[in-house]
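Okay, so here's the structure we're looking at.
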Amino acid sequence: MALSRISLSDFRNHRQTGFDDTQQFNLLVGENGAGKTNVLEALSLFAPGRGLRRAGLAEMAGAAGRGGFAVAASLVPTDGGDAVRLATLVDPRRPGRRAVRINSGDASANSLGEWLALAWLTPAMDGLFMDSAGARRRYLDRLAVALDPAHARHVARYEAALRERNRLLTGERMPDPSWMDGLEKQLAAHGAALGGGRAALIAALRDELAQLPPEPFARPILSYVPGGPAEAEPLQIALREGRARERAAGRTLTGPHRDELDVVMSGKLAPAANCSTGEQKAMLIAITLAHAALAARGRPLVLLLDEVAAHLDPLRRAALFERLVHSGAQAWLTGTELPPFEPIRDRAAIWRVARGEAARID
């Protein structure tokens, strides 16, 4: 299955843009600022969460519109079966709420993950290994949701309970112990599932990376560093016993919100943060390819790759395209010019993007 019959309405600089007759490779070519990444962002909203830019809904609504937007696409079986129509939109009358519809029926954002898996790699992620631990946790969770849609629910429930516990810890009065007990039980249950999902993801990625050749992309060694007990009961006990210390600190100090992803470049055994920008990019691509191999075994997979070919030499570009051909994923790639995509041009759908409009050029 693959995404096709895509429409963007009042989404950023796209007043009304459509994409039909898509292929395994879909190339968006145009100058910087033309609206290529906006298309990828729109497609990323078919995954649970806030999209590849983590932008607010008001930012995504087109300036020339009425304050809302709509993105729709059909998930089309390659065997000619019935398509599934997916849509996400913001009604101008309710600008703070994003609605989701599947085959015209109301649905939750998390339910989108039951139909397809999405993953992306953007230039903004190049500094992931030097970014905050929180950025790496969000990255892990996005990869985990692509493998298991239920992971998104555990993330949401855990974060909601964590905010409430932190609010109680910073209140003027000591929190009611029975109220804290119930809240910590919820934190422990969803926290254990959340941490378990992350640990399972990293274990699967390690196995997949071990099967990939060490060249031309640097092979990373991934490790999961938990921020607290891995099982629900020990985590609940740790939370209960840590109340006094955490009230003094004004925040919860134990749990998966303290997890860390540790990445080391194999061969030189150097922490990823100490590697060159080229080596870091190569490791991100290696993780993306390993994750694609895992995700494509379940649901349809869509890969959004923003300017990924521009910074690779011809050898690495060819290797990337070759692996994508065999990944089973539908890929959407952006670039300012066509020559870097020459190896896949004959099997790609190509659109020229300019000023928020897309025209088919192949």
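Its relative contact order, with pairs defined as Cα atoms under 8 Å and 6+ residues apart, puts segment 242-362 at 17 percent.
Across segment 127-298, Cα-Cα pairs more than 22 Å apart make up 48 percent of the total. To the nearest whole percent, what portion of all C-alpha pairs in the chain is separated by more than 33 angstrom? Beyond 33 Å sits 34 percent of the P(r) for the chain. Relative to the longest principal axis of the Cα atoms of the chain, the long axis of helix 133-147 makes an angle of roughly 60 degrees. Radius of gyration over Kirkwood radius for segment 73-199, both on Cα atoms: the Rg/Rh ratio is 1.06. Highest-first packing order for the peptide set 156-168, 32-44 is 32-44, 156-168, based on the mean count of other beta carbon atoms within 10 Å. Here the contact order of the chain, divided by its residue count and restricted to Cα pairs under 8 Å and six or more residues apart, works out to 25 percent. Annotation for segment 242-343: GluC sites (Glu not before Pro) lying in DSSP loop with at most 15 further Cβ atoms inside 10 Å of their Cβ are Glu337. Size descriptors for segment 2-121: radius of gyration and Dmax over Cα atoms are 13.8, 40 Å. A straight chain from Arg355 to Asp21 at 0.36 nm per residue would run longer than the Cα-Cα distance by 118.0 nm. With contributions of -39500 (n - 2.57) from each DSSP H run of at least four residues, the per-residue ellipticity at 222 nm computed over the chain stands at -12000 deg cm²/dmol. Between Asp126 and Glu231, the FRET efficiency estimated from the beta carbon spacing at R0 = 45 angstrom works out to 0.80. Each of Trp115, Trp332 was scored by other Cβ atoms within 10 Å of its Cβ. Listed from fewest to most, they are Trp115, Trp332.
Partner aspartates and glutamates whose Cα lies under 16 Å from the Cα of Lys268, excluding those fewer than 8 positions away in the same chain, are identified as Glu215, Glu279.
Helix 314-327 and the longest principal axis of the Cα set of the chain meet at an angle near 80°.
Can you figure out the FRET efficiency of His311 with Asp176, using R₀ = 56 Å and their beta-carbon distance, to the nearest 0.05? After rounding to 0.05, the efficiency reads 0.55. Ranked for footprinting exposure by Cβ neighbours inside 10 Å, fewest first, Met130, Met283 give Met130, Met283.
Where a number appears in this text, it was derived from the coordinates with a stated rule and is not lab data. Predicted model only: the values in this text are computed from it and were never measured. Methodologically, a virtual Cβ is constructed for each residue, glycine included, from the backbone with ideal geometry; neighbour enumeration extends over all protein chains shown.
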